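The block underneath contains the structure these notes are about, expressed in structure tokens.
The values are calculated or read from the model by the stated rules, or taken from the named source; none is laboratory data. What you are looking at is a predicted structure, and each value in this text was computed from that prediction instead of being measured. Here the Cβ is made from the backbone with ideal geometry for all residues, glycine too, and neighbour counts use every protein chain on show.
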């Protein structure tokens, strides 16, 4: 049976640098002992997850930003779980910690291969234009969307996801998804959010982490 002590998370809170963040990410991920987790880690290494930025120009748009964002969302999701269970303890079975860890740490796997290093013009302190490192978006390798791409990549890697985990990852972008304009897609999203508390928890954790922590 999966067990996880909150102290396991706190023990790694003070680890600094990308090496420490990666070690903490892997410790949390491997603690789930989920079928296919080792193959999933190999996939993450292959597609550049641990060095990718979280965005091209916005939150955490630097090397390792995606890793940092994923850990921030994980922290937020675990905190939100405690708050939710204090108010609705009957949801404990629907919000197991291993599901929180998997959904939050892996929700943005889709971003790992879409940001390509480039340069852009920016004025320096003297008011002079200069080239600075930047990223551009390239969806060419596997243009399969956002949350749905993450789910597909994880399943292809052999990770055993529950239905709730797959739904949470698929729908974590909420209305930001372009297909949300479709009545059919909107109906599926509303049903998933109604039936699966993990969906709304991940949406909230992702939004709060992005606004408060980057």
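Do we find that residue 199 is under 22 Å from residue 114 (Cβ atoms), in contact with a helix residue (DSSP H, G or I) (Cβ under 8 Å, 6 or more places away or on another chain), crowded, with 21+ Cβ neighbours inside 10 Å and modelled with pLDDT of 90 or more in this structure? Break it down into steps so the answer makes sense when it comes.
Details: under 22 Å from residue 114 (Cβ atoms): no; in contact with a helix residue (DSSP H, G or I) (Cβ under 8 Å, 6 or more places away or on another chain): yes; crowded, with 21+ Cβ neighbours inside 10 Å: yes; modelled with pLDDT of 90 or more: yes.
No, not satisfied.
Just one of (1) buried (at least 22 other Cβ atoms within 10 Å of the Cβ); (2) in a helix (DSSP H, G or I) trips up residue 90, so point out which.
(1)
Being under 18 Å from residue 165 (Cα atoms), touching a helix residue (DSSP H, G or I) at 6+ places or on another chain (Cβ under 8 Å) and either modelled with pLDDT under 85 or outside any helix (DSSP H, G or I) (or both) is the filter here, so list the residues in segment 1-32 that pass it.
2, 4, 31, 32
Evaluate segment 113-127: report whether one residue or more is closer than 21 Å to residue 171 by Cα, surrounded by 13 or more Cβ atoms within 10 Å (Cβ to Cβ) and out of contact with any strand residue (DSSP E or B) (no Cβ under 6 Å at 6 or more places or on another chain).
Looking through segment 113-127, at least one residue is closer than 21 Å to residue 171 by Cα, surrounded by 13 or more Cβ atoms within 10 Å (Cβ to Cβ) and out of contact with any strand residue (DSSP E or B) (no Cβ under 6 Å at 6 or more places or on another chain).
Sort out which residues of segment 122-151 are assigned to a loop (DSSP other than H, G, I, E, B) and touching a residue at least 12 places away in the same chain (Cβ under 8 Å), and write them in order of number.
Let us first name the residues in segment 122-151 that are assigned to a loop (DSSP other than H, G, I, E, B), namely 124-128, 138-146.
138, 139, 141, 142, 144, 145, 146, listed by residue number.
Out of all the residues in segment 176-196, is one or more surrounded by 20 or more Cβ atoms within 10 Å (Cβ to Cβ), in a helix (DSSP H, G or I) and within 18 Å of the chain's Cα centre (by Cα)?
No, segment 176-196 contains no residue that is surrounded by 20 or more Cβ atoms within 10 Å (Cβ to Cβ), in a helix (DSSP H, G or I) and within 18 Å of the chain's Cα centre (by Cα).
Kindly evaluate residue 169 against the criterion of being closer than 30 Å to residue 36 by Cα and either buried (at least 20 other Cβ atoms within 10 Å of the Cβ) or modelled with pLDDT under 80 (or both).
In short, yes.
I'd like the full set of residues that are more than 22 Å from residue 166 (Cβ to Cβ) and surrounded by fewer than 17 Cβ atoms within 10 Å (Cβ to Cβ), limited to segment 34-55.
Scanning segment 34-55 gives 45, 48, 51.
Table: residues versus (1) more than 15 Å from the chain's Cα centre (by Cα); (2) assigned to a helix (DSSP H, G or I); (3) free of Cβ contacts under 8 Å to residues at least 12 places away in the same chain.
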| site | (1), (2), (3) |
| --- | --- |
| 50 | no, no, no |
| 54 | no, no, no |
| 57 | yes, no, no |
| 60 | no, no, no |
| 63 | yes, no, no |
| 68 | no, yes, no |
| 76 | no, yes, no |
| 81 | yes, yes, no |
| 84 | yes, yes, no |
